[in-house]
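Notes follow once the structure below has been shown.
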Amino acid sequence: MPLDIQCFAAKNSASHHRDYDSLTSGWAELCVRYLPIYPNQSIWRHSRESLPSDPEQGWKLHVSATVLSAIPIMQRVAPFLTRRKVLYKAPLSLDEVAKLNAGIFYGYSQVGKVLTIYPQSTAEACLLAKELHKLTKGMMAPSVPFDLKYRPASCVHYRYGAFKALEKEGDNGDRVYFIRDPDGDAIPDQRESASIPVWVNDPFLPKRAQTRANSTETLIQTRFKAFRALAQRGKGGVYLALDLGVTPGRPCILKEGRKHGEVDWHGRDGCWRIKHEERVMTALSKAGIDVPQIYSSFHAEDNYYLATEFVEGENLEEYLIRRKRRLVTSAAIKRSFELSALISRVHAAGWVWRDCKPRNIIVTRTGLRPLDFEGACPANQPDPTPWGTFPYLAPEATAEFRGRSQLPEDLYALGVVIYLLLSGRTPDNPSSVPLIKSRRNIPRSLAELVRELLHSNPRRRPRAATVARRLALILGRLNQRNHQGTRPIRRARTANRGSGRKSS
């Protein structure tokens, strides 16, 4: 099954932005000026070498930023930190900033940790946090998971943890970071928890307590109760939740779009993505396409949430795994026809899906239902940001964008899914698809259709409606041939039975 890496990848996405070169060169100049130390094979640059007198652990500060706010934030804080000779680090490129904020390349806990500052003492941590908050006030930045926020809407976050790489081998053989308790014993450094060691007092607690007192209840506390995280990354999470707004309560999917989360080079964050998906799903539903029903949408703590129907069934990937990844030919063609007809309706409604893959297709008792339209775009308004998942991503999707139609990208993904349904795997070399050799008795017309869908030239790919018609014809001929092939056998058996009765 495919590696599930969404191709919004920083470098590919950035290359389509007109200011990419100036932004990346500007960040590089700041790193050379303020962060001269760069260890080999590290994504980090440091303000100075670590000294023996530097503490092993303490209150660590993080100043978060997006790819668009990283330069102005660095311009404001770096001179201040350098004058005080504070040890701090930042990623060596804006591409690495984008990868950190995605939460899927270096781990979800690293989201937002663009500048990491190592104060010498608790007193200095408080002083630095106060000044850094003033310097970055009003700047755009994501929240840092598992850190505590210095003030509401602040770029400054903090946590208590290790400054130096104190490691030991864990029970499963992995290297585990740790800190020391007052007795000098090593305990795990909980990097995926907002908890504070019991022997440490939080010097920032009074301001945080004020923040909690001023908070108000949202639908997260009153109506929707999330009980399982299905996905978690920089732009937001996807949760299985219970909707208590109806009687009896019903399961639902709760999608979260984080403010300033995973901001792309065009300024679109997680909130924008979820609002956009809501618009797409509303339009598709009005066009008669069986997308999940929208139950509610709302803001909570600056984030945006979309609650939708939990679609009963299993996704196409799970469906294939349960059947050992390959269907009988007629069943594979039937599913291929259903999918091509579905994509045809999406295109007729004026949209390009841009994320057609088995995980986004639910097999239900009544047919196939599509999920996940964050990356969808109007057919007549192409989106310059690459979107999709390898290996369902068309070869032109990551090429330089020049206003081309992205509708053929759906057709390529359709071809890969059909190939998977027939052969049990995705094609290794789409330019020369040996589908006819991967399974006996595949109709040549079907192999040719898949070859056309996977053509490197987007203009050579047949439209989804054409694919559906051709698949219907292929399935009809196959059923007719199978029916004709069985009839003589049944007649022969009937004749033998009849002659046996007469002879007795």
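Tabulated data for the structure shown
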{"quantity": "Criterion: under 16 Å from LEU411 (Cβ atoms) and of a type outside the set (Ser, Thr, Tyr) - qualifying residue of LEU316, LEU320, LEU342, LEU327", "calculated": "LEU342"}
{"quantity": "Whichever residue in segment 357-371 is surrounded by fewer than 19 Cβ atoms within 10 Å (Cβ to Cβ) and charged (D, E, K, R) and, among such residues, is nearest to THR308 (Cα to Cα)", "calculated": "ARG359"}
{"quantity": "Top-ranked residue in segment 356-400 [being assigned to a loop (DSSP other than H, G, I, E, B) and among the polar types (S, T, N, Q); ranked as nearest to the chain's Cα centre (by Cα)]", "calculated": "THR385"}
{"quantity": "Residue match in segment 97-107 (condition: in contact (Cβ under 8 Å) with a residue 40 or more places away in the chain, assigned to a helix (DSSP H, G or I) and touching a Cys at 6+ places or on another chain (Cβ under 8 Å))", "calculated": "no"}
{"quantity": "Qualifying residue in segment 432-453 (condition: of a type in the set (Gly, Ala, Ser), in contact with a Ser or Thr (Cβ under 7 Å, 6 or more places away or on another chain) and surrounded by fewer than 18 Cβ atoms within 10 Å (Cβ to Cβ))", "calculated": "yes"}
{"quantity": "Filter result for ARG365 (out of contact with any helix residue (DSSP H, G or I) (no Cβ under 8 Å at 6 or more places or on another chain) and either within 30 Å of PRO443 (Cα to Cα) or among the hydrophobic types (A, V, I, L, M, F, W, C) (or both))", "calculated": "yes"}
{"quantity": "Output for segment 437-467, where each listed residue is farther than 21 Å from GLY424 by Cβ and either in contact (Cβ under 8 Å) with a residue 40 or more places away in the chain or assigned to a loop (DSSP other than H, G, I, E, B) (or both)", "calculated": "HIS455, SER456, ASN457, PRO458, ARG459, ARG461, PRO462, ARG463, ALA464, ALA465"}
{"quantity": "Subset of segment 260-290 [over 19 Å from the mean Cα position of the chain (by Cα) and buried (at least 21 other Cβ atoms within 10 Å of the Cβ)]", "calculated": "LEU284"}
{"quantity": "Among (1) polar (S, T, N, Q); (2) buried (at least 22 other Cβ atoms within 10 Å of the Cβ); (3) closer than 30 Å to LEU478 by Cα - the single one ASN303 does not satisfy", "calculated": "(3)"}
{"quantity": "Test: residue in segment 302-313 that is farther than 21 Å from ALA464 by Cα, in a loop (DSSP other than H, G, I, E, B) and among the aliphatic types (A, V, I, L, M)", "calculated": "yes"}
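Since every read-out is calculated from the coordinates, none of them should be taken as a lab result. The model shown is predicted, which means the values in this text are computed figures rather than measured ones. Methodologically, a virtual Cβ is constructed for each residue, glycine included, from the backbone with ideal geometry; neighbour enumeration extends over all protein chains shown.
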